[in-house]
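Student: My questions all concern the structure below.
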Amino acid sequence: MSSQREPGDPGGGERLAIDVSGLELVYGDGTRAVDGIDMRVPRGEFFGFLGPNGAGKTTTIKVLATLLSPTAGTVRVNGFDVREQPRKVRGSIGYMPQETSVDEELTARENVRFACEAYGVPRDERADRVEELLDLVDLADVAGKRAEEFSGGMKKRLDAATALVHRPPLVFLDEPTTGLDPKARNRLWDYFRRINDRGTTIVLTTQYLEEADQLCDRLSVILDGRIVADGSPAELKRRVGGEVLEVEVEGGEAEHERAAEVARGFEEFADATVSVDAEGISVTAETARQHGTDLLVALRDEGLTVTGFDVRAPTLDDVFLAITGEAPDPDGPDDAEGVVA
Ligand code: ATP
């Protein structure tokens, strides 16, 4: 892929886009947001960083982007040390923060042109660069419209375009699709795949585990400032072991708890993970498919009414549950944003 590298590539045979050892970040108020993480991302990879609210994803990205200084550990980005060579790091990355940086008063074209100026793109290259990027994110047709007329998805695509004006070999996308409808999300996904196909390394943080599953070559799961799992989406799913049997049970918590007891006592599901949810129970087991109907019969024999069931492959939500013991909460409260110099 090196032949397709964009200008701005640090070159020099640096194999790792990100090389982090023992990173710690303690905020001014004593909050230990990142507690000793190691992370290596080879160039060209589409890497995902997953975790619930407050796990430490944004803090880590901000250290990598030189917006926060690490308390301990070594952090190299594109071969540059974040403490010693922050300007070189900044020149070699694109950063799409959670909050939009689009200027609504300006047109799409003006926004990208402004970013070109801010990033020091040579004057004689700007016009071509602006058109190329607007085309890449499918905004060429509306290039002359003011951003205030744009939908959330269009603004996000414009954000992504402005993060790329200096053709960085590495881009950070911090929860880029939060709040978008599925269609808008899909368009952004296409665009992210396109820039990764061009050779750009991508680090994506997301709470949509489906998104990581669709896009990422490899994932790290972070919880309470530590990495608790690492692997390809397929590897992480294999860790769950087997398939997931979801059983809808009539009634409330008491009936669902009784159903869970039946499943736990069910010989064929001795190694299964059984959890109770709002609709009934879910059972994750190697033999979920073979013995699913036997369990339904056992539930009926207990006087419980099954109103529906389904056997499905595990999702990354199941991976999350298996690893962390808690389901991800995309709608949970956001923690205060802030930057400590
Ligand atoms: P989210 O998805 O909510 O953004 P996150 O995984 O990105 O979560 P961080 O924002 O990195 O998590 O937060 C990690 C921890 O650091 C949390 O406990 C958070 O409350 C805390 N934190 C974040 N910013 C600051 C700050 N400026 N000062 C003190 N503590 C902070």
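Student: Starting from the Cα-Cα distance between S151 and R289, subtract it from 0.36 nm times their residue separation and give me the gain in nm to one decimal.
Tutor: 45.4 nm
Student: Would you calculate the separation in nanometres between label points at S232 and E132, each defined as 7 Å from the Cα along the Cα-to-beta-carbon direction?
Tutor: 3.2
Student: Any chance you could look up the accessible area of K145 with a 1.4 Å probe, heavy atoms only, rounded to 10 Å²?
Tutor: It works out to around 100 Å².
Student: A further question on this structure: What's the center-to-center distance, using Cα atoms, between the range 53-86 and the range 222-262 in Å?
Tutor: Computed from Cα coordinates, the inter-centre distance equals 33 Å.
Student: Here's another thing I want to ask about it. Heads up, I need the accessible area for E125: 1.4 angstrom probe, whole protein in place, Å², nearest 10.
Tutor: Per-residue accessible area (E125): approximately 80 Å².
Student: Give the accessible surface of the range 16-237 per residue, rounded to a whole number of Å², with probe radius 1.4 Å and ligands, DNA and RNA excluded.
Tutor: 40
Student: Enumerate the calculated ³J(HN,Hα) couplings along the range 210-215 in order (Karplus 6.51 cos²θ - 1.76 cosθ + 1.60, θ = phi - 60°), each rounded to whole Hz, writing x wherever the residue is Gly or Pro.
Tutor: 4, 5, 4, 4, 5, 9
Student: Could you check which residue among V274, V89, V77 shows the biggest mean-square fluctuation in a GNM of the chain with a 10 Å Cα cutoff?
Tutor: In this elastic network of the chain, the residue with the biggest mean-square fluctuation among V274, V89, V77 is V274.
Student: Would you mind telling me which residue in P97, P122, P314 has the biggest mean-square fluctuation in a Gaussian network model of the chain, where springs connect alpha carbons within a distance under 10 angstrom?
Tutor: It is P122.
Student: Quantify, in whole percent, the carbon and sulfur part of the accessible surface of the range 16-237 (1.4 Å probe; protein heavy atoms only).
Tutor: Roughly 44 percent, rounded to a whole number.
Student: Please enumerate, by chain and number, the lysines with C-alpha under 23 Å from the C-alpha of K62, excluding those fewer than 8 residues away in the same chain.
Tutor: Qualifying lysines at Cα under 23 Å: K88, K155, K156.
Student: What's the Kirkwood radius of the chain in Å, using all Cα pairs?
Tutor: In the chain this quantity evaluates to 22.0 Å.
Student: Let me ask something else. Can you give me the distance in nm between label points at D271 and V297, each placed 7 Å from the Cα along the Cα-to-Cβ direction?
Tutor: 2.4
Student: With springs connecting C-alpha atoms under 10 Å apart, model the chain as a Gaussian network and identify which of S92, S21, S69 has the largest mean-square fluctuation.
Tutor: S21
Student: Oh, and also: Which one, Q207, N53, L23, is farthest towards the positive end of the dipole of the range 16-237 when Lys and Arg carry +1 and Asp and Glu -1 on their Cβ?
Tutor: L23
Student: I would also like to ask the following. Nearest 20 debye, what's the magnitude of the dipole of the chain about its Cα centre given +1 on Lys and Arg Cβ and -1 on Asp and Glu Cβ?
Tutor: I would put it at about 2000 debye.
The values are calculated or read from the model by the stated rules, or taken from the named source; none is laboratory data. All figures in this text were calculated on a predicted structure; none of them were measured in a lab. Virtual Cβ from ideal backbone geometry, glycine too; neighbours counted across all protein chains shown. SASA here: full protein model, heavy atoms, side chains in, ligands and nucleic acids out. Shrake-Rupley method; radii C 1.70, N 1.55, O 1.52, S 1.80 Å.
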